[in-house]
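Input: a single structure, listed below in structure tokens.
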Amino acid sequence: MIDRSEIISRMTGLLYPFILLFGFYIILNGHASPGGGFQGGAVLAAVFITRYLVEPDRCIRLKTLKTAEKVLFICIILYPAFFLFSTTANHSELTNLTYLIAMNFLIGLKVCSGFTIIFFRFAFYEGGI
């Protein structure tokens, strides 16, 4: 039987919404400030990693996460091609801003899923946790 700390479990449960909010803030403001998809995705991955460290018996569906990562990769490839070959020849400021925010969002979710998969790969297969 594993002895778990009730204080750590409750505090991480209280911090999850703030970590998610901070991660999405970094992603959505990455076009105007330091940060962006990679940094925000790493912060979002911390939620999944701490969730496993606090409650290892709760299962995460790695197969679904791997599928989501592949779909996000395809979207990251197709969205710039669509933007580049769109019929509007001169892109407005709003169109460029929308493109940057969408790309930061896609990259952030891709990095989050990638880091989570890497962590679980090490935890289950390499580390033997």
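The values are calculated or read from the model by the stated rules, or taken from the named source; none is laboratory data. Note that the coordinates shown come from a computational prediction; the quantities given were computed from them, not determined experimentally. Note that we place each Cβ from the backbone using ideal geometry, even for glycine, and neighbour counts take in every protein chain shown.
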query = Which residue pairs have Cβ atoms closer than 9 Å, lie 6 or more positions apart in sequence or on different chains, and pair a first residue in segment 14-25 that is among the aromatic types (Phe, Trp, Tyr) and at pLDDT below 95 with a second residue that is surrounded by 11 or more Cβ atoms within 10 Å (Cβ to Cβ) and not in a helix (DSSP H, G or I)?
reply = Tyr25/Gly35
task = Can you run down the residue pairs with Cβ atoms below 6 Å, 6 or more apart or on separate chains, where the first is in segment 26-49 and at positive phi and the partner is modelled with pLDDT under 95 and assigned to a loop (DSSP other than H, G, I, E, B)?
result = Gly36/Gly30
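Can you name the residue in segment 52-75 that is closer than 23 Å to Met11 by Cβ and in contact with a helix residue (DSSP H, G or I) (Cβ under 9 Å, 6 or more places away or on another chain) and is also surrounded by the most Cβ atoms within 10 Å (Cβ to Cβ) among such residues?
Tyr52
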request  = Specify the residue that is modelled with the lowest pLDDT; the eligible residues are those in segment 99-129 that are surrounded by fewer than 14 Cβ atoms within 10 Å (Cβ to Cβ) and not aliphatic (A, V, I, L, M).
outcome  = Gly128
From the options Ala68, Ala81, residue that is at pLDDT below 95, among the aliphatic types (A, V, I, L, M) and over 27 Å from Phe18 (Cα atoms) = Ala81
task = Among the numbered conditions (1) assigned to a helix (DSSP H, G or I); (2) closer than 14 Å to Ser113 by Cα; (3) among the β-branched types (Val, Ile, Thr), tell me where Ile60 comes up short.
result = (1)
ask   = Can we say Ile49 is modelled with pLDDT under 95, under 21 Å from Ser9 (Cβ atoms) and in a helix (DSSP H, G or I)?
value = yes
ask   = How many residues does segment 5-30 hold that are surrounded by 18 or more Cβ atoms within 10 Å (Cβ to Cβ) and assigned to a loop (DSSP other than H, G, I, E, B)?
value = 1
